[in-house]
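The structure under discussion appears below in the form of structure tokens.
Read-outs: derived from the displayed coordinates by stated rules, not from any lab. As the structure is a computational prediction, the values presented were derived from the model and not from experiment. Cβ atoms come from the backbone with ideal geometry, glycine included; neighbour counts cover every protein chain shown.
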Ligand code: F0G
């Protein structure tokens with residue numbers, strides 16, 4: 001047992017090596033597996049009840065109380081206040097949505113949307129970035145880097161600009177939505193467009209980080225996930241600290257799902273909740289690695305003794321068969337999710353399931369979210385499409401309380417939205433399918449009679 005109150009620890013049960021909180025590693029220095037941030041709760045101040053956190057609302061003039069992440073700081077207590085970097089992230093809402101609930105097939109009042117598009121950079125990534133930047137400040141990092149399908153790079157560039165650090169982002173050339181590219185450029189990131197997909201960028205950024213001593217901000221960084229745990233705390237808070245029956249989340253690099261599982265595991269361990277919700281992780285059909293690993297290859301967490309070789313085998317099979325991911329939900333166009341092992345743990349803690357949904361299902365679900373008054377980018381709508389599938393299958397009961405996580409803002413990817421509604425997708429991004437809720441723009445002459453006819457007299 002490490003004598004410190006907070007330390008890092010390898011997640012594989014056969015290794016379990018530990019290192020200091022102030023060390024910078026993105027993999028176990030002994031065996032190369034993922035690291036966790038681990039707390040010895042007996043040495044840390046933890047509120048007796050989750051409801052005690054609500055008192056922070058009264059102190060909103062303090063930026064750390066205002067932040068929807070740091071408001072829960074006792075549960076991610078790896079640095080002191082001086083290191084904490086915040087932009088007021090996490091002012092996000094859980095709202096019931098009757099229209100989306102009907103679409104998903106739930107009884108009235110059963111469907112809730114957790115809208116993470118309200119974050120400063122427009123996606124859930126800010127929850128993790130605020131935490132990773134705080135660790136970066138703790139260790140004195142000056143240059144920070146990530147590979148990204150777009151949102152991580154936008155968030156990293158924003159927080160780096162705020163924290164006075166230099167940002168370097170690796171994106172697949174032509175692979176990220178314009179809203180996200182625009183953000184990285186505007187926030188001043190050195191933006192490297194690599195001729196390859198996300199998985200290629202990930203490989204390269206790890207190499208570059210090692211060679212150049214860059215601080216790596218992808219979700220292999222365990223501190224990122226600490227911040228993302230708070231999405232679940234806000235969900236619980238909005239439900240008066242009662243766990244819902246299901247959390248449904250899109251799965252790409254699997255950082256979010258991993259963080260959610262860790263949050264519920266810790267809350268249970270601390271006795272702060274007595275029931276853990278079930279977790280559904282939804283892949284896009286064109287990037288369905290987790291679905292294959294869990295449902296076909298039956299890979300399991302197995303008390304931390306997960307089968308490392310099976311993961312390596314799947315990666316090698318992808319190489320041999322030249323299998324490349326392809327989905328309109330570019331944010332989750334990822335074939336080698338770096339957090340696969342931690343996600344297996346989350347599925348074990350939360351009795352989870354995995355499904356994949358087609359691009360046509362994703363875009364229909366996205367149009368429903370928009371029409372029902374929130375709006376989101378394609379990847380986010382995988383959660384709604386996935387919930388619908390699971391209700392159809394009878395895995396989710398019609399009278400269940402279900403929270404779908406909307407991970408990113410609608411304005412992130414206007415091309416996909418306009419493509420869906422007009423049927424004119426960008427080249428290479430065409431989606432086959434019925435486009436059930438397309439809302440075609442109407443061409444009208446510059447003539448008041450024609451306009452009134454179009455409006456419906
Ligand atoms: N939804 C959105 C909008 C995302 O941007 C991402 C990931 C996901 C879902 C998947 O989350 O990786 O935690 O499973 N985007 C990353 C990026 C990979 O680079 O922006 P995950």
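Observations on the structure shown:
- Debye intensity ratio in log₁₀ form over the Cα atoms of segment 355-457, taken at each q of 0.10, 0.13, 0.16, 0.19 Å⁻¹: -0.36, -0.56, -0.75, -0.94
- Beta-bridge orientation, the chain: approximately 30 percent antiparallel, per DSSP, counting only bridges with both partners inside.
- Projected-area mean, segment 246-293, by convex hull of Cα positions, square nanometres: 3.5
- When 417, 407 are sorted by how many other C-beta atoms sit within 10 angstrom of their C-beta, beginning with the fewest, the order is 417, 407.
- Directionally averaged projected area (segment 14-78, Cα convex hull): 6.0 nm².
- Packing-based exposure ordering (other Cβ within 10 Å, fewest first) of 225, 347: 347, 225
- When peptides 177-189, 21-33 are sorted by average Cβ neighbour count within 10 Å, with the highest value leading, the order is 177-189, 21-33.
- Normalised by 2.2 N^0.38 Å, with N the number of residues, the alpha-carbon radius of gyration of segment 34-135 equals 1.28.
- What the Kirkwood sum gives for segment 60-211 is a hydrodynamic radius of 16.8 Å, with every pair of different alpha carbons counted.
- Sorted peptide list for 196-209, 42-55, 5-18, 375-388, criterion being average Cβ within 10 angstrom, highest first: 375-388, 196-209, 5-18, 42-55
- Estimated Rh, segment 131-195: Kirkwood, alpha-carbon pairs, angstrom: 11.5
- Percent breakdown of C-alpha pair distances by 5 Å bin, ordered from the shortest bin, for segment 164-273: 2, 10, 16, 18, 17, 13, 9, 10, 5, 1
- Principal-axis analysis of the Cα atoms of the chain puts helix 125-138 at an angle of about 30° to the longest axis.
- Alpha-carbon centroid distance for the pair segment 369-434 / segment 31-52, whole angstrom: 34
- Between the Cα long axis of helix 340-349 and the first principal axis of the chain there is an angle of about 90°, rounded to the nearest 10.
- Semi-axes of the equivalent ellipsoid for the chain, computed as √(5λ) from the eigenvalues of its C-alpha gyration tensor and ordered from largest down, come to 34, 25, 23 Å.
- The alpha carbon radius of gyration of segment 287-396, expressed as a multiple of 2.2 N^0.38 Å, is 1.16.
- Kirkwood hydrodynamic radius (C-alpha pairs) into Stokes-Einstein, segment 75-138, 4 °C and 1.567 mPa s, D in µm²/s: 95
- Residue order, fewest to most beta carbons within 10 Å, for 165, 232: 165, 232
- A viscosity of 0.890 mPa s and a temperature of 25 °C, combined with the Kirkwood radius over C-alpha pairs in the Stokes-Einstein formula, give segment 213-349 a diffusion coefficient of 155 µm²/s.
- Pairs of Cα atoms farther than 17 Å apart, segment 341-408, %: 47
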